[in-house]
Each structure stands twice: as structure tokens, then as C-alpha cells.
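*Asks:* Could you have a look at this structure, given as C-alpha cells, before my questions?
The values are calculated or read from the model by the stated rules, or taken from the named source; none is laboratory data. Model, not experiment: these values are computed from the prediction. Counting neighbours? That spans all protein chains shown, and the Cβs are built from the backbone with ideal geometry, glycine included. Quick note on the areas: whole protein, heavy atoms, side chains included, nothing else; ligands and nucleic acids left out. Shrake-Rupley method; radii C 1.70, N 1.55, O 1.52, S 1.80 Å.
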Amino acid sequence: MSRENLNCILVIGGGQAGAQALISLRQNGYEGALHLIAEEPFLPYQRPPLSKAYLKGEMAKERLAFKPQDWYESHNITLHLGVRADKIDRENHILHLQDGTELTYDALIIATGARPRPLKLEGADLKGVQDLRGLDDIDQLRPALKRGTRLVIIGAGYIGLEAAAAARSLGAEVTVLEMAERVLARVTSPVISTFFTQLHERQGVSIRTKVRTDCLMGKAGHVSGVKLSTGEELPADIVLVGIGVLPNQELAEAAGILCETGICVDEAGRTSDPDIFAAGDCTSRPLIHYDRRGRLESVHNAIEQGKCVAAALMEKPGPKLDVPWFWSDQYHIKLQIAGLSQGYENFIVRGDPTSERFAVFYFKAGKLLGVDAINAPPEFLVTKKLIISGSALAPEELQDTSLSMKEIAAKYAA
């Protein structure tokens with residue numbers, strides 16, 4: 001497929017990746033027909049603020065949108081909002097929508113994101129039990145969060161902890177339940193886990209680890225509590241489920257496109273079908289700095305892949321691939337993460353972990369994998385450069401706070 005043969009491109013998904021693909025296609029000079037298909041009835045919008053500023057009422061709904069309505073009109077983008085893409089007919093290049101619409105494409109971009117992993121317990125279908133993924137979820141949750149509301153959060157990942165922080169700021173009584181022995185156990189070190197546990201406990205959140213939920217209890221169809229496997233019952237007005245997400249790859253799978261844990265793509269976002277691309281949380285992509293494949297749930301990934309797909313379709317060079325990065329805002333603390341620390345063999349701490357400014361660096365076989373930086377932007381930024389350079393460095397130098405991160409970067413990240 002050449003650029004000259006691109007008369008119609010369809011983008012499925014109204015999140016960061018889909019929006020970026022639209023924006024980048026027009027910026028790169030694509031002038032053909034461009035359609036956006038989104039299951040939610042909203043203009044493409046940001047999701048990170050949902051569990052932070054928007055939940056706390058500090059951000060207006062209209063500010064969530066990437067672009068206003070008139071931008072899509074002025075850029076000749078046809079919107080199909082509130083409708084699901086049902087089937088891809090690869091042979092005839094037709095996308096079938098749930099409402100019966102059939103759209104013919106020259107190229108198709110799948111940016112369907114991910115969905116919350118369901119809680120498979122008795123009582124999970126009670127009113128007052130909800131996920132924290134979309135705008136409707138927050139609009140339903142926010143009015144119920146007020147002083148004295150008893151909120152139980154199942155899952156102590158970043159989303160759960162961010163929601164706990166926001167709910168406490170609104171006066172809710174918050175309990176967080178986690179099966180693992182510590183919060184954030186799958187994604188970080190015991191040092192960071194301890195820091196956030198103590199942070200939340202100082203704010204009045206009850207953190208319960210190594211607990212299993214037996215069922216959810218209800219009265220008149222509404223959740224009233226959580227029963228633990230020990231028999232203990234916790235009263236609850238709202239139960240928030242945050243136990244991870246699953247990639248929305250079913251549409252691609254049904255069309256015979258190669259999928260593993262996510263839709264398999266190359267560095268440009270190409271799938272196993274040369275006319276179909278994918279971007280964002282739904283993809284399994286090459287992680288070039290780690291010599292493996294994986295799925296990334298991040299703004300960085302969505303933006304980067306959206307740009308890569310647009311560049312490939314327009315036969316232009318793609319952006320330089322960055323080290324994966326993430327962030328989390330909880331109370332007055334900003335955690336910035338550079339790299340992927342999973343599988344680390346050892347870590348070193350720079351600064352005082354009992355303070356509110358320090359960093360934890362992760363290593364495997366002497367190679368720097370990543371950093372968790374607590375209110376420490378230089379450690380975050382320099383680590384990205386160090387990973388890209390691939391330089392061998394002495395961990396003790398990172399531990400030495402008499403050396404500035406600027407000095408370390410000058411020595412190793414050139």
C-alpha cells in the first residue's frame with residue numbers, strides 16, 4: 001500500500017492513541033477521508049485526569065477533550081460516536097459498525113485500548129460496584145464521594161491508590177484491599193511500596209494487604225459491604241474495582257490478525273495485515289531498549305504509537321522511540337517512572353526514602369532498567385538518557401548524592 005492509494009483511513013478508538021493518529025495524519029499532510037469510530041459518545045478525551053483532577057472536581061469536563069468539536073469539522077474528520085465497530089472484513093476492506101453502517105477503508109487503525117479486568121465474585125453486579133476506566137464511571141462515582149462515604153477499593157495498583165487519594169481529599173472513608181503482601185507489588189520495589197503505604201496511612205486511608213475478598217454483600221440491590229475470606233465484613237457504600245485491565249483485541253482476533261497478549265505490531269504499528277495498524281494499550285509492541293515484546297499502558301506509548309502509525313502511512317520517518325515512561329499523582333507527591341523495572345535483580349536508593357524526595361534505580365545483570373523518582377525530576381530525566389545510551393555505569397555513583405544527576409549524565413549519557 002502506497003501513500004498515493006490512501007483515499008480513506010478509519011481509526012477505531014477515541015482514546016489518546018486514536019486521537020494522536022488523527023492529529024498526526026493531518027499534520028503529516030494526509031488529505032483523504034478520515035473517520036473516527038468510538039464506542040463512547042464523547043469526543044476523544046484524556047484518561048489520566050479521571051482518577052486525579054477530574055475525580056476531585058478540579059478539572060472541567062470540556063478540558064478533558066483533546067480537541068474541540070470544531071477542530072474535527074475544520075479538519076474534515078467524520079465522527080461516529082457512541083457506536084461499536086463490530087467486524088472487519090479484511091478481504092473487501094470493509095468495517096461493519098453495530099448500527100449497520102459499512103465503511104470501506106484503504107487503511108485501518110485499531111486503537112481500542114483496554115478494559116477493566118472483571119471482578120468474578122458474588123455481588124459484583126450490585127449497584128455501587130464500579131470500575132474506574134471511563135468518563136461515565138467518574139461521573140457516576142464523583143457525586144457519591146463525600147464526607148463520611150465508606151469507599152472500599154479492591155486492588156492497590158496505581159489507579160486504586162490515585163482514587164484513594166482523590167476520595168480522601170473529598171472526605172470519604174477509604175479502605176484499600178490487596179491480595180499481595182504489599183501495595184504495587186507487581187510493579188515496584190518494597191521501598192516504594194512502603195513509602196506509599198505510609199503516605200496513605202498518614203492521610204487516613206486503611207491499607208489491608210494479604211487479604212482475599214470472598215464476596216460483596218448488598219441490601220435492596222445496592223452494595224453494603226465486603227466480606228473477606230476470613231469472615232470479616234467491611235461496611236461499604238461504594239466498592240471500586242481496580243484489579244488491572246485486559247487489551248481490547250477481540251475485533252482484531254476475530255478478523256484473523258495475529259494477537260498474543262495484545263495485537264501484535266512492529267515498530268511502525270503494522271499488524272500481520274499490511275493494511276491494518278494498531279496503537280495504544282491494545283497492542284503488543286517491540287520494546288527496543290529491552291530486547292523483548294510487551295504491552296504498555298501509558299500516555300507515552302499511545303502518543304508514540306499514534307505518531308509512528310501516521311508516519312508509516314504517510315511514508316515518512318517515525319519519531320525516535322523513547323524509553324517507556326509513566327507517572328502517578330497522589331496527594332502532593334509526584335511519582336515519575338522511567339523504564340521498565342520488572343525482573344530486576346537488585347536496586348539502589350538515591351536520597352532518603354523517609355523523605356519526600358528520593359529515587360530508586362533498578363538493575364539486572366549490571367544493566368540499568370529504570371527508576372522510580374519521588375518528586376525527583378532530574379533522576380527521571382537522566383535515567384531515560386542513561387537507558388538510551390546503554391552505557392555501563394557504577395551503581396554506587398547513582399547512590400552518591402554529592403554527584404549531581406547532571407554530572408552523571410555528562411559522564412555516561414553522552
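*Asks:* Scan the range 225-247 residue by residue and report those that are touching a Gly at 6+ places or on another chain (Cβ under 6 Å) and either free of Cβ contacts under 8 Å to residues at least 24 places away in the same chain or open to solvent by 40 Å² or more (accessible area, probe 1.4 Å) (or both).
*Replies:* Matches in the range 225-247: 233, 235, 243.
*Asks:* For residue 182, state whether it is farther than 25 Å from residue 49 by Cβ and surrounded by 16 or more Cβ atoms within 10 Å (Cβ to Cβ).
*Replies:* yes
*Asks:* Okay, next question. Is one or more of the residues making up the range 82-104 of a type in the set (Asp, Glu), part of a loop (DSSP other than H, G, I, E, B) and closer than 20 Å to residue 279 by Cα? Steps first, please.
*Replies:* As a first pass, look at the range 82-104 and keep what is of a type in the set (Asp, Glu): 86, 89, 91, 99, 102.
Restricting the remaining residues to those that are part of a loop (DSSP other than H, G, I, E, B) gives 91, 99.
From the residues that got through so far, the ones that are closer than 20 Å to residue 279 by Cα too are none.
There is no residue in the range 82-104 that is of a type in the set (Asp, Glu), part of a loop (DSSP other than H, G, I, E, B) and closer than 20 Å to residue 279 by Cα.
*Asks:* Report whether or not residue 259 is within 30 Å of residue 17 (Cα to Cα) and modelled with pLDDT of 95 or more.
*Replies:* Considered against the rule, which asks whether it is within 30 Å of residue 17 (Cα to Cα) and modelled with pLDDT of 95 or more, residue 259 comes out as yes.
*Asks:* Would it be correct to say that residue 293 is among the basic types (Lys, Arg), open to solvent by 20 Å² or more (accessible area, probe 1.4 Å) and either in a strand (DSSP E or B) or closer than 14 Å to residue 323 by Cα (or both)?
*Replies:* yes
*Asks:* So which of 206, 193, 189 ends up being open to solvent by 30 Å² or more (accessible area, probe 1.4 Å) and modelled with pLDDT of 95 or more?
*Replies:* So the residue among 206, 193, 189 that is open to solvent by 30 Å² or more (accessible area, probe 1.4 Å) and modelled with pLDDT of 95 or more is 206.
*Asks:* Only one residue in 218, 256 is at positive phi, open to solvent by 30 Å² or more (accessible area, probe 1.4 Å) and of a type outside the set (A, V, I, L, M, F, W, C). Which one?
*Replies:* After applying the criteria, what remains is 256.
*Asks:* For the range 108-121, does any single residue satisfy the condition of being more than 23 Å from the chain's Cα centre (by Cα) and in a loop (DSSP other than H, G, I, E, B)?
*Replies:* yes
*Asks:* Could you list all residues from the range 207-217 that are in contact with an Asp or Glu (Cβ under 9 Å, 6 or more places away or on another chain) and in contact (Cβ under 8 Å) with a residue 40 or more places away in the chain? Don't jump to the end; show me each part of the working.
*Replies:* At the first step, the residues of the range 207-217 found to be in contact with an Asp or Glu (Cβ under 9 Å, 6 or more places away or on another chain) are 207-211, 214-217.
Matches in the range 207-217: 207, 209, 214, 215, 216, 217.
*Asks:* Scan 172, 156 and give me the residue that is touching a residue at least 24 places away in the same chain (Cβ under 8 Å), more than 30 Å from residue 96 (Cβ to Cβ), surrounded by 24 or more Cβ atoms within 10 Å (Cβ to Cβ) and small (Gly, Ala, Ser).
*Replies:* Checking each option against the conditions leaves just 156.
*Asks:* Within the range 28-45, restricting attention to residues that are in contact with a Gly (Cβ under 8 Å, 6 or more places away or on another chain), in a loop (DSSP other than H, G, I, E, B) and not hydrophobic (A, V, I, L, M, F, W, C), which residue is nearest to residue 64 (Cα to Cα)? Can you show your working first?
*Replies:* Filtering the range 28-45 down to residues in contact with a Gly (Cβ under 8 Å, 6 or more places away or on another chain) leaves 36-45.
Of the ones still in play, those that are also in a loop (DSSP other than H, G, I, E, B) are 39-44.
Applying the additional criterion that residues be not hydrophobic (A, V, I, L, M, F, W, C) yields 39-41, 44.
Working: 39: 17, 40: 14, 41: 14, 44: 8 Å.
Result: 44.
*Asks:* As an exercise: evaluate residue 139 against (1) closer than 25 Å to residue 302 by Cβ; (2) charged (D, E, K, R); (3) part of a loop (DSSP other than H, G, I, E, B) and give the number of the one condition it does not meet.
*Replies:* (3)
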